């Protein structure tokens, strides 16, 4: 690619990078080329991003989505039960993922080196193919703080540690059901949480069958009340992406300059709807240099100006998400 995607500043640069990436991936990613050909689309007629075909995310379950010039020995795998057909995203260059992690976090939260990272998540050794755990582990390594750690089942240990960190900047990453479990533990043991002045909570996904499903707004309200804070942050990504969007409260996300959200019509997957209306989420992720940067997800959402919301899943789509990492 002519330009480093992490240096993209203008819309013109983004559009040019998209078109260049589209042609490269059409020529070098076999499953994507077959998909475009099946649609009877001439790639040379594509002049803007809205015309680019978006690969259904389900393709990662049954096909190798990989640049033919790459040699990828490792992969990320979506969470789920052993009976489920799970997605695999083969990674040719982990340095791209790491740069994406660092620059997105720095843009929306701050420098990782300034924070202590705590995880209500399984650790990396338990889930070596989890993109989420890889991300948290990478942030912990950049932070290099002795207090960093995972506390999925150690609620008392986590509570006691937080009591000692009141003069630090602390990030608590957690899957939603684990954050709820921690709050339940504190409530049942009459432990008062007074951490809002130094603790930033970032939730990373839903309950996925572990607890009764609720809307994102309902979930955030429970977290706000439980952690006694006005804002609960959220992180939005998935196995098939190498970039992350962040919400700094109220379920309103922003994506980095090399990532875009488009909302397609659920009745016509090749058309888009106007800002503010709910539809299915298409994602452009230019960090997916060696797989596919144009993905049609099964998530519902809407876009307004340079922000977007995630509102749920399309009916009948598979249960998926990081909450099942510990199943």
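Fewest Cβ neighbours within 10 Å first, please rank 290, 63, 155 accordingly. Please list the in-between numbers first.
On the way: 290 25, 63 16, 155 20.
Lowest to highest Cβ neighbour count: 63, 155, 290.
Restricting to Cα pairs below 8 Å that are 6+ residues apart, what does the relative contact order work out to for the chain? Please round to a whole percent. Walk me through the intermediate numbers first.
On the way: 596 pairs, mean separation 63.7, N = 327.
Normalised by residue count, the contact order of the chain is 19 percent.
Taking 0.36 nm per residue of separation and subtracting the Cα-Cα distance, what length does fully extending residue 73 through residue 15 add?
Working: separation 58, 0.36 × 58 = 20.88 nm, distance 3.10 nm.
Fully extending the segment from residue 73 to residue 15 adds 17.8 nm.
Could the peptides 175-183, 307-315 be put in order, highest first, of the mean number of other beta-carbon atoms found within 10 Å of their residues? If you can, show how the numbers build up before the last one.
Working: 175-183: 22.9, 307-315: 16.9.
By packing density, highest mean first, the sequence is 175-183, 307-315.
I need to check one value: relative contact order of the range 94-188, counting alpha carbon pairs closer than 8 Å and at least 6 residues apart, in percent.
Working: 99 pairs, mean separation 33.6, N = 95.
Result for the range 94-188 is 35 percent.
Would you mind checking the tilt of helix 94-108 against the longest principal axis of the Cα atoms of the chain, expressed as 0 to 90 degrees and rounded to 10?
60 degrees
Taking the chain as the reference, fit the longest principal axis to its C-alpha atoms, fit the long axis of helix 11-28 to the helix C-alpha atoms, and give the angle between the two in degrees, 0 to 90, nearest 10.
Long axis of 11-28 versus the principal axis of the chain: about 70 degrees.
Using r as the Cβ-Cβ distance of residue 224 and residue 45, and R0 as 51 Å, what FRET efficiency do you calculate, to the nearest 0.05?
Numbers: r = 49 Å, r/R0 = 0.96.
Efficiency, from the Cβ-Cβ distance: 0.55.
Compute the angle between helix 176-188 and the longest alpha-carbon principal axis of the chain, please, reported from 0 to 90 degrees and rounded to the nearest 10.
Relative to the chain, helix 176-188 is tipped by roughly 10 degrees.
Starting from the 7 Å offset along Cα-to-Cβ, what nm value, one decimal, do you get for the label separation of residue 250 and residue 126?
Taking the simple label geometry, residue 250 and residue 126 are separated by 3.5 nm.
Order the peptides 44-52, 30-38 from the highest to the lowest mean number of other Cβ atoms within 10 Å of their residues. Before the final figure, lay out the partial values.
Values: 44-52: 13.3, 30-38: 16.2.
My ranking of the peptides, most packed first, is 30-38, 44-52.
Rounded, prolate or oblate: which fits the range 1-138 when a ≥ b ≥ c are the square roots of the eigenvalues of the alpha-carbon gyration tensor, with rounded for a/c under 1.5 and prolate only if a/b beats b/c? Please list the in-between numbers first.
Values: a/c = 2.41, a/b = 1.31, b/c = 1.84.
Oblate, since a/c reaches 1.5 and b/c is not below a/b.
Once both labels are modelled 7 Å past Cα along the beta-carbon direction, what's the residue 305-residue 277 spacing in nm?
My value for the distance between the label points is 2.2 nm.
Over the Cα atoms of the chain, compute the convex hull volume and normalise it per residue, giving Å³. Don't skip to the end; give the middle numbers.
On the way: hull volume 44.4 nm³, N = 327.
Cα-based convex hull of the chain, divided per residue, equals 136 Å³.
Highest first, please rank the peptides 190-199, 15-24 by the mean number of other Cβ atoms sitting within 10 Å of their residues.
15-24, 190-199
I want to check the label-to-label distance for residue 189 and residue 147. Put each point 7 Å from Cα in the C-beta direction and report it in nm to one decimal.
Spacing of the two 7 Å Cα→Cβ label points: 1.8 nm.
If you take every DSSP beta bridge whose two residues both sit in the range 56-327, what share of them, in percent to the nearest 5, is antiparallel? Walk me through the intermediate numbers first.
Working: 28 of 43 bridges.
The answer is about 65 percent antiparallel.
Just so you know, all these numbers are worked out from the coordinates, no wet-lab data involved. The structure displayed is predicted, hence computed values, not measured ones. Note that each Cβ is placed from the backbone with ideal geometry, even for glycine, and that neighbours are counted across all protein chains shown.
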